[in-house]
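Visitor: First, the structure itself, so that you have it in front of you.
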Amino acid sequence: MMAHSIPAYDQKKMKLFTLEEANNLLSEIKKLFSQIDGQRSILQKLAPEVKRASEQASNGGGGIPDGPRYAKALNGFMGGVQAILAHGVEVKDFDRGLCDFPSLRDGRVVYLCWQRGEDSIEWWHDIDSGFAGRQRIKEVKSLKFKVQRKMPVTNLSIQPRL
């Protein structure tokens, strides 16, 4: 599949991660997903009550005993999601804890891909291919993410000071 090219003006607005930057942010993303998971659990438990209240709202009813708890969980869920998005990371699947970090490869935007249970970011895919198109970073020799490399030592006559 062809990779999607983002126009230059969109790339300026989009946070682009190096592999190192994305992996450095991963511990924060994991904490936020843990927060989101806890709030989603509460929301899912209260969903039947919320549905009944919604159905009765047009008849003048509609409250639920756990309304404040539901509102707090919804607020916590939205706060966690907004925090992830504020970092420039895209949430793809809450159940899997799946997210993408936009990155540059050969002048085009691709995604560095991570999901819950993985220790670090080891996968990437084109924007249009999605999770099914994931490729292991270690196995792709031509992969050139925006990574700063140390300059090789070319002048061996320089002696370090001790």
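Visitor: Can you classify the range 17-139 as rounded, prolate or oblate using the Cα gyration tensor, where a ≥ b ≥ c are the square roots of its eigenvalues, rounded means a/c under 1.5, and otherwise it's prolate if a/b beats b/c and oblate if not? Don't jump to the answer; show the numbers that get you there.
Guide: Details: a/c = 3.11, a/b = 2.56, b/c = 1.22.
Prolate, because a/c is 1.5 or more and a/b exceeds b/c.
Visitor: From the cross-link list K45/K138; K15/K51; K30/K138; K15/K45; K13/K45; K13/K51, which pairs have alpha carbons spaced over 30 Å apart? It would help to have the intermediate numbers written out before the result.
Guide: Working: K45/K138 41 Å; K15/K51 38 Å; K30/K138 22 Å; K15/K45 35 Å; K13/K45 38 Å; K13/K51 38 Å.
From the list (K45/K138; K15/K51; K30/K138; K15/K45; K13/K45; K13/K51), the Cα-Cα distance tops 30 Å for K45/K138; K15/K51; K15/K45; K13/K45; K13/K51.
Visitor: In addition: Once label points are set 7 Å from the Cα along Cα→Cβ at both E28 and N59, what is their separation, rounded to one decimal in nm?
Guide: Those two pseudo-labels are separated by 4.9 nm.
Visitor: Which aspartates and glutamates have a Cα less than 20 Å from the Cα of K31, not counting those fewer than 8 places away in the same chain?
Guide: The qualifying aspartates and glutamates are E20, E21, E90, D93, D95, D100, E118, D119, E122.
Read the figures in this text as sums done on the coordinates, not as results from a lab. Being a predicted model, the structure only gives us computed values, none of them experimental. As a convention, Cβ positions derive from the backbone with ideal geometry for all residues, glycine included, and neighbour counts pool all protein chains shown.
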